[in-house]
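To keep things clear, I will list the structure first and then write my remarks on it.
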Amino acid sequence: MNACLMLAALALGNSSLLPPSDASGLLAFHQEKAQDKKPDEKKQEEKKPEEKKDTYQDAIKDFTKKEGVVTVFQKDESVLLQLSKDVLGRDFLWTTELKATPSGLYSGTMAASGVVRFEVRGEKVLVRSVSHRTLATEGDEIKLAVAGSNIDPIIKAFTIKAKAPDGSPLIDVASYFKGDIAEFSAKGALGGAMIDAERSFVDSVKVFTGNFNVQVTQTATGGGGGGGRGGFGGAPARSANTGVVLHSIVLLPVKPMMGRIADSRVGYFTDGFEDYGTDEHRVKQFSYINRYRLEKKDPSAEMSEPKKQIVYYMSREIPAKWRPYVKQGVEDWAPAFEAAGFKNAIVCKDAPTEKEDPDWDPEDARFSVIRWAPLPIANAMGPSVTDPRSGEIISAHIIVWHDILKLQTEWYFTQASPNDKRAQKLPMPDDLMGENLRFVIAHEVGHTLGLPHNGKSSGTIPVRLLRDPKWTAENGTCTSIMDYARFNYVAQPGDGVTALMPIVGRYDKFSVMWGYKPIEGVSKPGDEKRTLDLWASKQVGDPMLRFHDNFDFDDPTALMESLGDNTVEASTYGIANLKRVMGFLLPATTNFGEDYSDLRDMYGAVRGQLQMYIFHVAAAIGGMIQTDYHAGRGGEVYVPVNKAYQRSAVKWMCDNLMETPSWLAPKAVMMRIGKSADGMVPGIQSFAITMMLNDSRMGRMLQNEAVNGDSAYTVSQMLNDVRSCVFRELATGSNVTLNRRSVQRNYIGSLTSKIGTSSEIRLHALAELKSDLYVINEAMAKTKNSVTSAHLQELKKQIEFAMANPDKASAAGRATSPLFFKPWCTAGMKNLPEIEELGSGGK
């Protein structure tokens, strides 16, 4: 016998497991001990009182009853939840949002979401946190293994208070919702480290046919402010923050919507899975795209209304003058759904008033809602929640922060004002701002339909088409409103272009068709693959249908904020327009008796736009164009930017930036914003040098040379081209001016920063410094200007010190010209570098 079983048998007095003599002795011992007990002790042992349980009627006495997907009984702070057999074991989607907040936060903040299941075990109701990520689609044995390795955790166990006549358990949930529910906590969103239940209260419970909502006033403590999961705002730094929290718990359908398997060629947000039940000799990773459930009323019709429309509600707090534009931004997607075979598929409505529906909550997980956040944040976002079993979008809660209007003003002024007289004086008129807001809403709605950023759409448009009034009227500035394409800075006055914004475009219609169009005769997701591949293959012959997931700073056709298929050409037009914008700057931003803060802000926006052009052009140098071809569908995925294009990008940098851009620093502006403009031109020039001599860029150029030989634009050729423009004066013996001296110092500093490494780039930097030293020595013998002479002597010392002390020089010589990055939409953004703002006021 197992030793543990033997010990257990002895402890329990199981005589059948003992030798007869030992068993009889043990029995006698127990009988003697029983006789020694007093009569009262024997009586108590013989008849233990049963624990009294509340009867069902006693438990619900004096409570108010609410019936729906569950039955709720409420009395003051007490809340009882009754779960019928129809919902026990079913999946519920649980979301937690802030309904009302302390200053610094915003209503509609998503605090948590997940799937739960209620189960009865003995006298307990268990709440399990449910995951559907790991599965086995086929194979009984492997299904057992998957089930045994993926037990859903129990996050709460409630004691059953009573049972209804039909056996439904009744549990007391008040303290649970008042406290800190770890998996669905609002403490982070409120800026706290814990929830104080003593300062938290259940406000109301609303029950509907498909969900129930629990509203709680909660107090978070111990956070010290600084935001939290609320994100962009930031909770005030107090010892406690109190807010109103809504838990919305929605019953998911018994049969999930049939998922559609994702394809990297067509962009969608996804829910991912690991499938162990396939014939492949590995775990199969796959994803379902996120999309609303759209089903035709008439499946046989080419064009049909859906059984259930996609409805977006404008929350009550959206300012009245912006509501028509918000509605238009939503309904701009109707043509995309027509491409998928649905008419009247998407609509925007006003939220019901308090009088019309006192039970309506914008935080309710059943409703897709657009919110307005009164915070000085220049941003918007479009998150959604899905059924993780299928990717079905249950609802979306779009947030628009108030200062998105400020950011749109800055961008439209710097990019489009040369072609739109309405924007040449600030503030811009409400109708123009409404058009800007419509564009923002349409972009965010696209995210909530399942679409991520498409960084490729703007890079597929020939630059000439952006100057074509007919093409831009039909297509806007790119093929996808999900790109970061912005406004038409390419079109020139006189072109006649008046359509200056992105619209729901050709790619958007294609992607919605690909994701939402029903495919007949299929019963499971894999049956759709052939048709979906055929649709996606249209991209091979039509570049305007291509997709790139977010943005790639190494690919000049997949950049944020860019326009056109040639960044050099587009940015040349962009600078021509920026020079025009500088002429509008003073009259647009100044009013009698007011300070120059608007001038300072808008000048910073101009500077930021110029930096963006530098960023775009630099991407062509050492650039690698990526096209998401699949096997048998297209050619090479990665193709280096051709040599002539790269060389033209370096020339653009030299012509527009290494030569002093005096148009950027007019005296009339500089003398009004003072220190805000200090170092402006040198900073821009330093930024351009840093971008050209970027280590990653040079590394790609070296790889390209190794693979493609003479057809590649080499690092040595680039450095020779840059040297020719940086030290232009030295060939003629001309004096070196203030800004040009800065350019030369920054160039040498950037090179010396690279010689303390062991990379191949170090060799090229050393060779270039030797060439620079030769040029400097030659010029020192010719110059007669004392300042130029002193400058050249300093450069010579810098180079000689670096060569003698490469490690010290590498640390000291690094150029300090940081990038900037200020997106107004962060949905789906990933793998972005750490980028700082350059100076004050940059956008």
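The values are calculated or read from the model by the stated rules, or taken from the named source; none is laboratory data. Every value quoted in this text rests on a predicted model; they were computed, and no experiment measured them. Note that each Cβ is placed from the backbone with ideal geometry, even for glycine, and that neighbours are counted across all protein chains shown.
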Residues of region 401-428 classified as outside any helix (DSSP H, G or I) and either free of Cβ contacts under 8 Å to residues at least 60 places away in the same chain or crowded, with 23+ Cβ neighbours inside 10 Å (or both), total: 5
Scope region 405-442; condition among the β-branched types (Val, Ile, Thr) and closer than 20 Å to SER597 by Cβ; matching residues: THR409, THR414
Filter result for the condition that a residue is closer than 28 Å to LYS784 by Cα and assigned by TED's automatic domain parsing to the domain that holds MET658, over LEU738, LEU693: LEU738
Residue list for region 462-479, restricted to those being in contact (Cβ under 8 Å) with a residue 60 or more places away in the chain and crowded, with 24+ Cβ neighbours inside 10 Å: LEU466, THR477, CYS478, THR479
Per-region count, region 627-646, residues surrounded by 18 or more Cβ atoms within 10 Å (Cβ to Cβ) and among the β-branched types (Val, Ile, Thr): 2
Single match in LYS355, LYS343 (criterion: modelled with pLDDT of 95 or more, surrounded by fewer than 21 Cβ atoms within 10 Å (Cβ to Cβ) and farther than 25 Å from TYR507 by Cβ): LYS355
Unique residue being among the small types (Gly, Ala, Ser) and either surrounded by fewer than 19 Cβ atoms within 10 Å (Cβ to Cβ) or outside any helix (DSSP H, G or I) (or both) when the list is ALA396, ALA442: ALA396
Hits in region 619-663 (condition: under 11 Å from PRO556 (Cα atoms) and touching a Lys or Arg at 6+ places or on another chain (Cβ under 7 Å)): ILE621, GLY622, MET624
Failed item, numbered, when GLU834 is tested on (1) at pLDDT below 75; (2) more than 30 Å from THR270 (Cα to Cα); (3) out of contact with any helix residue (DSSP H, G or I) (no Cβ under 8 Å at 6 or more places or on another chain); (4) loosely packed, with under 14 Cβ neighbours inside 10 Å: (2)
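Listed here are the residues, each with its yes/no results for (1) within 25 Å of THR109 (Cβ to Cβ); (2) at pLDDT below 95; (3) of a type in the set (A, V, I, L, M).
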site: ILE393; (1), (2), (3): yes, no, yes
site: GLN415; (1), (2), (3): no, no, no
site: ASN419; (1), (2), (3): no, no, no
site: ALA423; (1), (2), (3): no, no, yes
site: ASP431; (1), (2), (3): no, no, no
site: LEU437; (1), (2), (3): yes, no, yes
site: HIS443; (1), (2), (3): yes, no, no
site: GLY455; (1), (2), (3): no, no, no
site: MET482; (1), (2), (3): yes, no, yes
Lone unmet requirement of (1) more than 26 Å from the chain's Cα centre (by Cα); (2) in contact (Cβ under 8 Å) with a residue 40 or more places away in the chain for GLY541: (2)
Yes/no for SER395 being out of contact with any Pro (no Cβ under 6 Å at 6 or more places or on another chain) and either free of Cβ contacts under 8 Å to residues at least 40 places away in the same chain or within 30 Å of PRO253 (Cβ to Cβ) (or both): yes
Scan of region 64-113 for residues that are outside any loop (DSSP other than H, G, I, E, B) and among the charged types (D, E, K, R), ordered by number: LYS65, LYS66, GLU67, LYS75, ASP91, GLU97, LYS99
Some residue of region 112-126 being surrounded by fewer than 22 Cβ atoms within 10 Å (Cβ to Cβ) and acidic (Asp, Glu): yes
Test for GLY634: is it not assigned by TED's automatic domain parsing to the domain that holds THR714 and not hydrophobic (A, V, I, L, M, F, W, C): yes
Top-ranked residue in region 486-518 [being part of a loop (DSSP other than H, G, I, E, B) and more than 18 Å from ASP420 (Cα to Cα); ranked as nearest to the chain's Cα centre (by Cα)]: VAL504
Tally, over region 509-527, of residues that are in contact (Cβ under 8 Å) with a residue 24 or more places away in the chain, of a type in the set (A, V, I, L, M, F, W, C) and touching a Leu at 6+ places or on another chain (Cβ under 9 Å): 3
Considering residues of region 70-111 that are in contact with a helix residue (DSSP H, G or I) (Cβ under 6 Å, 6 or more places away or on another chain) and closer than 30 Å to VAL400 by Cβ only, the residue surrounded by the most Cβ atoms within 10 Å (Cβ to Cβ): THR96
Some residue of region 122-141 being within 26 Å of SER84 (Cα to Cα), without any contact (Cβ under 8 Å) to a residue 24 or more places away in the chain and in a loop (DSSP other than H, G, I, E, B): yes
Residue within region 159-174 that is in contact (Cβ under 8 Å) with a residue 24 or more places away in the chain, part of a helix (DSSP H, G or I) and surrounded by 14 or more Cβ atoms within 10 Å (Cβ to Cβ) present: yes
Pick from region 241-275, criterion in contact with a helix residue (DSSP H, G or I) (Cβ under 7 Å, 6 or more places away or on another chain) and not in a strand (DSSP E or B), ranking: surrounded by the most Cβ atoms within 10 Å (Cβ to Cβ): GLY267
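One line per residue, one yes/no per condition, for (1) over 26 Å from CYS725 (Cα atoms); (2) buried (at least 22 other Cβ atoms within 10 Å of the Cβ); (3) touching a helix residue (DSSP H, G or I) at 6+ places or on another chain (Cβ under 9 Å); (4) touching a residue at least 12 places away in the same chain (Cβ under 8 Å):
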| site | (1), (2), (3), (4) |
| --- | --- |
| PHE584 | yes, no, yes, yes |
| ALA619 | no, yes, yes, yes |
| LEU664 | no, no, yes, yes |
| PHE687 | no, yes, yes, yes |
Residue match in region 760-777 (condition: part of a loop (DSSP other than H, G, I, E, B) and at pLDDT below 95): no
From ARG607, ARG546, ARG530, ARG600, residue being over 30 Å from MET718 (Cβ atoms), of a type in the set (D, E, K, R) and touching a residue at least 40 places away in the same chain (Cβ under 8 Å): ARG600
Among (1) out of contact with any Gly (no Cβ under 6 Å at 6 or more places or on another chain); (2) at pLDDT 95 or above; (3) surrounded by fewer than 22 Cβ atoms within 10 Å (Cβ to Cβ); (4) part of a helix (DSSP H, G or I), the one test that VAL540 misses: (1)
Test: ALA649 is crowded, with 23+ Cβ neighbours inside 10 Å, under 19 Å from ALA485 (Cβ atoms) and either more than 25 Å from the chain's Cα centre (by Cα) or of a type outside the set (Asp, Glu) (or both): no
Qualifying residue in region 507-514 (condition: buried (at least 24 other Cβ atoms within 10 Å of the Cβ) and more than 18 Å from ASP542 (Cβ to Cβ)): no
